[in-house]
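As structure tokens, the structure follows; a few thoughts come after it.
Here, each number is a calculation from the coordinates, and none is a lab measurement. Keep in mind that this is a model prediction, so the values were computed, not measured. Cβ atoms come from the backbone with ideal geometry, glycine included; neighbour counts cover every protein chain shown.
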Amino acid sequence: MIVYIEDTLIENFLITYIILYIIFSFIKENKNKFRIIAASVFGAFVALIYPIINLNSFLILFLKLCMGYIITLIAYKNKSLKKQIFFYVMFIFITAIYGGINLLIYFSIYGNFESSRKLPTLLIIFSVFLITYFIKQCEKVIYSKKNINNFIYEIIITINEKKIKTKGYLDTGNILCDTVYKKPVVLINYKMFSKINKNFPIQNFLTQNTQGLKKGHYIKVKTATSNDMLLAFCVDSLEIILKDKTVKILEPVFALSKIKITGFDCDVILNSKLLC
């Protein structure tokens, strides 16, 4: 097999650099660009020796794992062995993803894995950037979900001696205040409304009849284009279970949201003023 030194150096330098950059981005720690460049240069030159050494596949794999650990030591030096090993595992995992995708591209083009052929450098670089984009999008989804989960609390709604255990999302953007009782408003969807008020006739929505609801009334809400009316009522109590304590609010105001509650995996949007 012919080894094109310049192509191999460029490809492996870029791939190693991008993988290290992604890991630092994922673990949310400060990165040292000099260390990353040094590790990438080392990785690029190490890649040159694999095609010319005569070892069986198991020894080659062991050598690659050892070189991978040295690369991560150069790029990321941490006193915590646990963090160092995690960084190394991430490096091996993402490297395997890149390698697997490029093997798939190789097989799609040539239909086999002949060692005498090689993917064009530009195609390899393009695939690397494409995979990187996909990983970054996955990272955004993971951290977005994590951030949302930080504001989700176990809650207990009590009405007429009936307790409903569910989850509520504390939305810092929800500062809606009830104009009648001057209390923060908790928004719920129709699913939760039906659990709390099982026997509320559906025709009452059309006539704005609040009979059967505890302190039922309508809240006038101004939007960017018009005024709207939200059906509101009170429950006996709302308990928000925090890590160190439970906050209990007596007769909180709930309102049926006309906007579909999505993306929070819960049916209740808590008001930010409830925990002030």
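Report the local net charge at Met192: Lys and Arg +1, Asp and Glu -1, summed over other residues whose C-beta lies under 11 Å from its C-beta.
With Lys, Arg at +1 and Asp, Glu at -1, the neighbours total +2.
Just to be sure I follow the definition: excluding the sites themselves, where is the longest run in the chain that has none of the trypsin sites (Lys or Arg not before Pro) in a DSSP loop with at most 14 other Cβ atoms within 10 Å?
Formally, the longest exposed-site-free interval is 118-181.
Using only Cα atoms, find the angle between the long axis of helix 57-75 and the longest principal axis of the chain, and express it within 0 to 90 degrees, rounded to the nearest 10.
Here the helix axis deviates by roughly 60 degrees.
So what's the angle, to the nearest 10 degrees on a 0 to 90 scale, between helix 5-27 and the longest Cα principal axis of the chain?
Rounded to the nearest ten degrees, it is 30.
For a protection proxy built on the mean count of beta-carbon atoms within 10 angstrom, sort 205-213, 88-96 highest first, please.
With the highest mean Cβ count within 10 Å placed first, the list reads 88-96, 205-213.
Under 25 Å Cα to Cα from Lys31, which lysines show up? Leave out anything in the same chain fewer than 8 places away.
Hits, sequence-local ones excluded: Lys64, Lys77, Lys79, Lys82, Lys83, Lys136, Lys140, Lys145, Lys146.
Which of the lysines could be linked to Lys182 by a straight reach, that is with a Cα gap under 22 Å, when you skip same-chain ones fewer than 8 residues away?
Lys214, Lys215, Lys220, Lys222, Lys248, Lys258, Lys273
Normalised by the number of residues in the chain, what is the relative contact order in percent for Cα pairs under 8 Å and 6+ residues apart?
Reported as a whole number, the value is 16 percent.
Put a dot 7 Å past each Cα toward the Cβ at Gln211 and Lys167; how far apart are the dots in nm?
Spacing of the two 7 Å Cα→Cβ label points: 3.9 nm.
Restricting to Cα atoms and excluding each atom paired with itself, what does the Kirkwood estimate give for the chain in Å?
Mean inverse Cα-Cα distance, inverted, gives 23.6 Å.
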